[in-house]
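Below is one structure, written out as structure tokens, with a few remarks after it.
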Amino acid sequence: MRSSPTPSAKVFITGASSGIGAALAAHYAARGEQLGLVARRGETLAEVARALPGSPALYVADVADAKAMFDAAQDFMARFGVPDIVIANAGVSVGTLTEHAEDVAVFERVMRTNVVGLAATFQPFVAPMREARRGRLAGIASVAGMRGLPGAGAYSASKAAAIAYLEALRIELRPSGVRVVTVCPGYVATPMTAVNKYRMPFILPADVAARRIGRVIDAGRAYAVVPWQMALVARAMKLLPNAVYDRLFRRAGRKPRGLKL
């Protein structure tokens, strides 16, 4: 059985100003961990931090900005040491349609945040963790990366890329003692899903999702879908022949376009 992170672990979380990220911050703060929290929205991040026990280090940065993420990581390590857990949670979701020229820029933004942001978050920590021969790099992907969802081409593509990237990183770091964890949440009640006008099966409250994600990271699992019921749904979707999948999802609910990123 793999050991859990030591008490008073150091945990670095991106996208911590709302949704799953804020819930993860609350989860780890309740355990007494030293937190480093990153988000683009400084005022909202400060509000989240004020509600937490302890004194988290706050960093206002865009995960797609590699220099800003490097600086945040260096500051965190200078103050607290090499983290035990780094959670690349920041992500954006918005409806896109290729027929609209303006959606190309949105597509690029989604890919930069959801894919490049993973690498920019992890990169400063890889060498120090490798040297320490410990630590966990956890990436929050999505079941939306299992197959292309109509009206969410950018989001599905970004999460499929995230899953593949995390798998490659996991194999690269396996001999080092650093574990890479891929977490694919299903629907979680957050501002990101609040705009969805369609049925969302097995939706979890954010705090429940955070606890389950935390258990996956503690166990050092290579890959997990949360909740487990969505793992069955995702597996079934992957097995569907294209003709059947196309017919079933042609009229599926779609995320609205034009949301602010």
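Every number here is computed from the coordinates shown, using simple stated rules; none is lab data. Keep in mind that what you see is a predicted model, and the values were worked out from it rather than measured. Ideal geometry is used to build each Cβ from the backbone, glycine not excepted, and the neighbour counts take in all protein chains shown.
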- line: The set of residues whose placed amide H lies less than 5 Å from the amide H of ALA152, leaving out same-chain residues fewer than 5 positions away, is THR96
query: Nearest 20 debye, what's the magnitude of the dipole of the chain about its Cα centre given +1 on Lys and Arg Cβ and -1 on Asp and Glu Cβ?
result: 860
task: Please compute the net charge surrounding ALA49, taking Lys and Arg as +1 and Asp and Glu as -1 over other residues with Cβ under 13 Å from its Cβ.
output: 0
message: Please rank SER18, SER55, fewest neighbouring Cβ atoms within 10 Å first, as an exposure proxy.
response: SER55, SER18
task: Rounding to the nearest 20 debye, state how big the charge dipole of segment 59-179 is about its Cα centre with +1 on each Lys and Arg Cβ and -1 on each Asp and Glu Cβ.
output: 640
- line: Exposed-loop cut sites defined as GluC sites (Glu not before Pro) in DSSP loop states with at most 13 other Cβ within 10 angstrom; longest site-free run of the chain spans 103-261
- line: So, relative contact order of segment 10-249 in percent, Cα under 8 Å, 6 or more apart, is 19
query: Given charges of +1 on the Cβ of Lys and Arg and -1 on the Cβ of Asp and Glu, with all other atoms neutral, how large is the dipole of segment 1-132 about its Cα centre, in debye to the nearest 20?
result: 480
- prompt: Given the C-alpha centroids of segment 90-141 and segment 173-244, what is the distance between them in whole angstrom?
  reply: 16
query: If you bin the C-alpha pair distances of the chain every 10 Å from 0, what whole percents do you get?
result: 7, 31, 38, 18, 5, 0
- request: Based on other C-beta atoms within 10 Å, arrange ILE85, ILE20 from fewest to most.
  value: ILE85, ILE20
- prompt: Taking neighbour Cβ counts within 10 Å as the exposure measure, how do THR98, THR113 sort from fewest upward?
  reply: THR98, THR113
Under 20 Å from LYS238, Cα to Cα: aspartates and glutamates that are on another chain or at least 8 residues apart: GLU167, ASP246
